[in-house]
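*Asks:* What follows is a single structure, and I will ask about it in a moment.
Where a number appears in this text, it was derived from the coordinates with a stated rule and is not lab data. Computed from a predicted structure; not experimentally measured. Here the Cβ is made from the backbone with ideal geometry for all residues, glycine too, and neighbour counts use every protein chain on show.
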Amino acid sequence: MKIGVLTTLNQNVEENIRKVAELGLSTCQLKCWNSAHLTDELADRAAAAAKEYNVEITAFWCGWDGMSYWNFYEGPLTLGLVPSEYRAERLNMLIRGAKVAKRMGVTDVVTHVGFLPENPATTEYQSLVAALRYLATKLKLDGQYFLFETGQETPITLKRTIEDVGTGNLGINLDPANLLMYGKANPVDALDIFGEYVRGIHGKDGEYPTDGRHLGKEKPMGEGRVDYPRFIAKLKEVGYDGAITIEREISGEKQIEDILSAKKLLESLI
């Protein structure tokens, strides 16, 4: 397994990728939450920087413009493709993002789909599956995979959705901290359910929620509830040999300090 870090596709993309190399990391995922940055120019600049600094871009994490609330009340109404009023616009942005990824030579496109409906018999679930099938079919034409970022759904709901879409090019970007922070699952056990679909990993740590409205807290790796020794061992058991992309959702010197600490921990376990 290789170790990388999450960084951003924006007008500073060369500097962002240079910093990945300076941290002693060989891979990254590029994220983008601004449709204005989904351009051929930035894709070409990112690919050139990745080549110059010998950093592999393992996935493109494509968010969306506009509203998003990261909690248990407004979250289901605003996140991902689940809310029908935002779905068409966000599908179009994901398809644009996939074209940018292809131009960079990147196969895997990732996003939060949202709070997947637990009941597969509902119209809400069936319409979402149809939208995901449309998206996945588009990506398949270019030899790409669509990956669900974990967190807002139970592992079995995610597995069922992948099976029901059925295009053969769906996968999972497993964020073990998210499974805890959303109160959905233990990430080690989740691998028993959907391990065959995992194509990417976020190296992040966190806690379970302490109330019914707010997510659990993100923590520096090794200080939260993710049992990283067992988690890495389980990844090896299910045959995962891809990148682990460190994500620390703060900024400044403390972010760099925590990324380097996570790198050291992962190196000792891998």
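*Asks:* What is the sum of charges around Asp258, taking Lys and Arg as +1, Asp and Glu as -1, for the other residues whose C-beta is under 13 Å from the C-beta of Asp258?
*Replies:* -1
*Asks:* Any chance you could check the Cα centroid distance between region 188-209 and region 58-130 for me, in angstrom?
*Replies:* 19 Å
*Asks:* Please work out whether region 115-270 counts as rounded, prolate or oblate from its C-alpha gyration tensor, where a ≥ b ≥ c are the square roots of the eigenvalues and a/c under 1.5 means rounded, while otherwise a/b larger than b/c means prolate and anything else oblate?
*Replies:* It comes out prolate by the Cα gyration axes.
*Asks:* Under the 0.36 nm per residue contour assumption, what length would be gained going from the current alpha-carbon distance of Thr137 and Lys264 to full extension?
*Replies:* Working it through step by step, the gained length comes to 41.8 nm.
*Asks:* Which whole-number percentage describes the relative contact order of the chain, with Cα contacts under 8 Å and a sequence gap of 6 or more?
*Replies:* Taking the mean separation of contacting Cα pairs over the length of the chain, I get 17 percent.
*Asks:* Can you pull a Stokes-Einstein diffusion coefficient for region 207-270 at 25 °C (0.890 mPa s), Rh from Kirkwood over Cα pairs, as a whole number of µm²/s?
*Replies:* Numbers: Rh = 13.2 Å.
Using the Kirkwood radius from Cα pairs, D works out to 185 µm²/s.
*Asks:* Suppose every Lys and Arg Cβ carries +1 and every Asp and Glu Cβ carries -1, with no other charges. What dipole size does the chain come out with about its Cα centre, to the nearest 20 debye?
*Replies:* Value, rounded to 20: 400 debye.
*Asks:* Compute the label zone of Glu56 within region 178-213: residues whose backbone N is under 18 Å from the point 7 Å along Cα-to-Cβ.
*Replies:* 198-203, by backbone N distance to the label point.
*Asks:* Among Tyr182, Gly222, Ala243, which residue has its Cα positioned farthest towards the positive end of the charge dipole of region 162-270, with +1 placed on the Cβ of Lys and Arg, -1 on the Cβ of Asp and Glu, and the dipole taken about the Cα centre?
*Replies:* Sorting the options by dipole projection puts first Gly222.
*Asks:* When the C-alpha atoms of the chain are aligned to their principal axes, what extent does each axis show, in angstrom, from largest down?
*Replies:* 49, 41, 33
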